[in-house]
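Participant: What follows is a structure written as structure tokens; I'll ask about it next.
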Amino acid sequence: MTRSHPLGRAARREWGPLWTAVRTALATERLRAVPLTLGAVCLTALLQVVQNSSWGYGPVQALGAVRAEDPVWAALLRTPLSLFVPALDLPVWGALAQVLLVFGVAEICLGRWRTLLIAYGATVAGTLYARIGVAIGPDGFLGLPGSDARIVDTGPSAAVVALAVCVCWAYRARFTAGLVIVAMVVEIVVKDNLAGKEHLAAIVAALVLCAVPGLRGWRRQGLGEGGGTRSGAPPIRS
């Protein structure tokens, strides 16, 4: 019997349960396993088309663009849609790929409503941080310049980062979770902007959710501890 390479064993420990969970769900339910994700991808693509049209930019901004200078009530009303409004200065295909991959894995591994909760909570955390940072000012710890109050929030990226951390936490892929966090810190070092700091706020919100008693064992019902074994629990769809 040949021994597996240490890197192979480490990869299986890190990603084995997660890979098994995703593969089993897609094999048994196919696209029915990720209706939320498919809807999110379609909505993001639709909003990108609309906001780049001559008639659609204004309505999308009015309904889904959140800035720190907005009244709190308006920001909270716009936040659910802002989750799916991609940044105008970045390639939309990158945003669509992120939503498809990370939302899809999270929906399978954590469940539909937990995925929505984390995504919304992370986006709200980023929005609230921007307000606090602007209020502190550029000279204070974690403060922001006043000009950042007019910058639109991060769109789906903050939710994507938070979901990645929560999935890795739930499936004990701690090294991968650490890489995601380090990557966001490096982003701040290389390009110190509002989006990067909102990503860090989203990570803090994700870690708080992961640490809440009763939520530490977040895994989708119907999956065994190994990630893909069916049990007598309710079926995989939530």
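Participant: Ala158: within 30 Å of Leu26 (Cβ to Cβ) and of a type in the set (A, V, I, L, M, F, W, C), yes or no? Walk me through it before giving the result.
Facilitator: Values: within 30 Å of Leu26 (Cβ to Cβ): yes; of a type in the set (A, V, I, L, M, F, W, C): yes.
Spelling it out, Ala158 is indeed within 30 Å of Leu26 (Cβ to Cβ) and of a type in the set (A, V, I, L, M, F, W, C).
Participant: Checking the structure you have, find out if any residue of the range 52-64 is buried (at least 17 other Cβ atoms within 10 Å of the Cβ) and either touching a residue at least 12 places away in the same chain (Cβ under 8 Å) or at negative phi (or both). So that I can check it myself, show each step before the final result.
Facilitator: Residues of the range 52-64 buried (at least 17 other Cβ atoms within 10 Å of the Cβ): 60, 64.
Right, trim to either touching a residue at least 12 places away in the same chain (Cβ under 8 Å) or at negative phi (or both) and you get 60, 64.
Yes, the conditions are met somewhere in the range 52-64.
Participant: Can you tell me which residues in the range 113-161 are in contact (Cβ under 8 Å) with a residue 12 or more places away in the chain and among the polar types (S, T, N, Q)?
Facilitator: Of everything in the range 113-161, those that are in contact (Cβ under 8 Å) with a residue 12 or more places away in the chain and among the polar types (S, T, N, Q) turn out to be Thr115, Thr123, Thr127, Thr154, Ser157.
Participant: A further question follows. I'd like to check something: does the range 67-82 contain any residue that is aliphatic (A, V, I, L, M), touching an Asp or Glu at 6+ places or on another chain (Cβ under 8 Å) and surrounded by 12 or more Cβ atoms within 10 Å (Cβ to Cβ)? Let's see the steps before the verdict.
Facilitator: The first filter runs over the range 67-82 and keeps only residues aliphatic (A, V, I, L, M), leaving 68, 72, 74-77, 81.
Cutting the leftovers down to touching an Asp or Glu at 6+ places or on another chain (Cβ under 8 Å) gives us 68.
If we keep only those that are surrounded by 12 or more Cβ atoms within 10 Å (Cβ to Cβ) as well, we get 68.
So far as the range 67-82 goes, yes, one or more of its residues are aliphatic (A, V, I, L, M), touching an Asp or Glu at 6+ places or on another chain (Cβ under 8 Å) and surrounded by 12 or more Cβ atoms within 10 Å (Cβ to Cβ).
Participant: Cβ-Cβ under 8 Å, sequence separation 6+ or interchain: first residue in the range 172-196 and farther than 19 Å from Arg9 by Cβ, partner among the basic types (Lys, Arg) and surrounded by 14 or more Cβ atoms within 10 Å (Cβ to Cβ). Which pairs?
Facilitator: Note: pairs meeting the criteria are Ile188/Lys197.
Participant: Moving on. Suppose we keep only residues that are of a type in the set (Val, Ile, Thr) and surrounded by fewer than 19 Cβ atoms within 10 Å (Cβ to Cβ) within the range 1-37. Which one would you say is modelled with the highest pLDDT? First the steps, then the outcome.
Facilitator: Filtering the range 1-37 down to residues of a type in the set (Val, Ile, Thr) leaves 2, 20, 22, 24, 28, 34, 37.
Keeping just the survivors that are surrounded by fewer than 19 Cβ atoms within 10 Å (Cβ to Cβ) gives 2, 20, 28.
Numbers: Thr2: 49, Thr20: 87, Thr28: 90.
This residue is Thr28.
Participant: Among helices (runs of 4 or more DSSP H) lying entirely in the range 13-94, which contain 2 or more residues that are within 18 Å of the chain's Cα centre (by Cα)? Outline the logic, then answer.
Facilitator: Numbers: elements: 35-51, 57-64, 72-82.
Result: 35-51, 72-82.
Participant: Still on this model: Can Ala125 be described as buried (at least 23 other Cβ atoms within 10 Å of the Cβ) and within 14 Å of the chain's Cα centre (by Cα)?
Facilitator: Working: buried (at least 23 other Cβ atoms within 10 Å of the Cβ): no; within 14 Å of the chain's Cα centre (by Cα): yes.
Criteria not met by Ala125.
Participant: Quick check on this structure: which one of Phe141, Phe175 is outside any helix (DSSP H, G or I) and surrounded by fewer than 24 Cβ atoms within 10 Å (Cβ to Cβ)? Can you show your working first?
Facilitator: Details: Phe175 fails: outside any helix (DSSP H, G or I).
Answer to the check: Phe141.
Participant: Got at least one residue in the range 97-113 being outside any helix (DSSP H, G or I) and either surrounded by 14 or more Cβ atoms within 10 Å (Cβ to Cβ) or at negative phi (or both)? Don't jump to the end; show me each part of the working.
Facilitator: Looking only at the range 97-113, we keep the residues that are outside any helix (DSSP H, G or I), and these are 111.
Now drop any that are not either surrounded by 14 or more Cβ atoms within 10 Å (Cβ to Cβ) or at negative phi (or both), which leaves 111.
Scanning the range 97-113 turns up at least one residue that is outside any helix (DSSP H, G or I) and either surrounded by 14 or more Cβ atoms within 10 Å (Cβ to Cβ) or at negative phi (or both).
The values are calculated or read from the model by the stated rules, or taken from the named source; none is laboratory data. For clarity, every value in this text was computed on a predicted model and none was experimentally measured. Cβ coordinates were reconstructed from backbone atoms using ideal geometry, including for glycine residues, and neighbour counts include every protein chain displayed.
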